Amino acid sequence: PRLLRARAELQSLNARMMAEACRARGARFFWALQPGLPYRGEAMTAEERLSYLSRPEVYWRSLEHYYQDLREIVKRDADFWTSRFLDLSRLPPKRKEPFFGDTVHLTDAGANRTARSLAALILNDLARRPAKPLQRRAVAL
């Protein structure tokens with residue numbers, strides 16, 4: 001568990017550095033956790049089910065601890081991440097369509113859900129931090 005927490009802290013630090021670099025350049029950065037296989041239940045594809053069953057339960061428990069550590073770090077730094085963090089790691093248990101076509105690639109349903117969720121997050125962030133007008137700079141050629 002300590003190793004997972006250290007990994008989560010490093011991941012958080014990397015994400016924050018990317019977010020700060022984006023902010024310095026006038027861009028926005030959003031961090032999203034993708035859905036974990038154990039939560040997809042009956043919505044798992046055959047390939048996902050094979051992947052899930054081929055790994056020991058301890059793997060999935062360690063992944064959940066890692067995700068939980070990430071969530072706790074985001075809560076700790078809520079003033080920074082509030083409108084920049086999207087947690088899709090726990091899907092509703094009764095999904096009718098699969099979120100992923102395999103263990104990595106989103107289906108249309110997954111892409112649509114992610115897009116709707118990100119759009120809401122972006123609108124919330126824009127409401128909290130309106131975009132600054134672009135300043136044009138003269139460039140000598």
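The values are calculated or read from the model by the stated rules, or taken from the named source; none is laboratory data. Only a predicted model underlies this, so the values are computations on that prediction, with no experimental measurement involved. Ideal geometry is used to build each Cβ from the backbone, glycine not excepted, and the neighbour counts take in all protein chains shown. Side chains are part of the model used for accessible areas, which takes the heavy atoms of the whole protein and leaves out ligands, DNA and RNA. Shrake-Rupley method; radii C 1.70, N 1.55, O 1.52, S 1.80 Å.
Couple of notes before you dig in:
- ALA78-ARG61 pseudo-label distance in nm [points 7 Å out on the Cα-to-Cβ vector]: 3.0
- Going by accessible surface with a 1.4 Å probe and the largest first, LEU126, LEU50 read LEU50, LEU126.
- Applying 0.36 nm per residue to the separation of ARG25 and GLU47 and subtracting their alpha-carbon distance, the gain on full extension is 3.9 nm.
- Between ASP102 and any residue 5 or more places off or on another chain, the built amide H atoms are never under 5 Å apart.
- Amide H to amide H distances under 5 Å link PHE85 with TRP31, where only residues 5 or more positions off or on other chains count and H is placed in the peptide plane.
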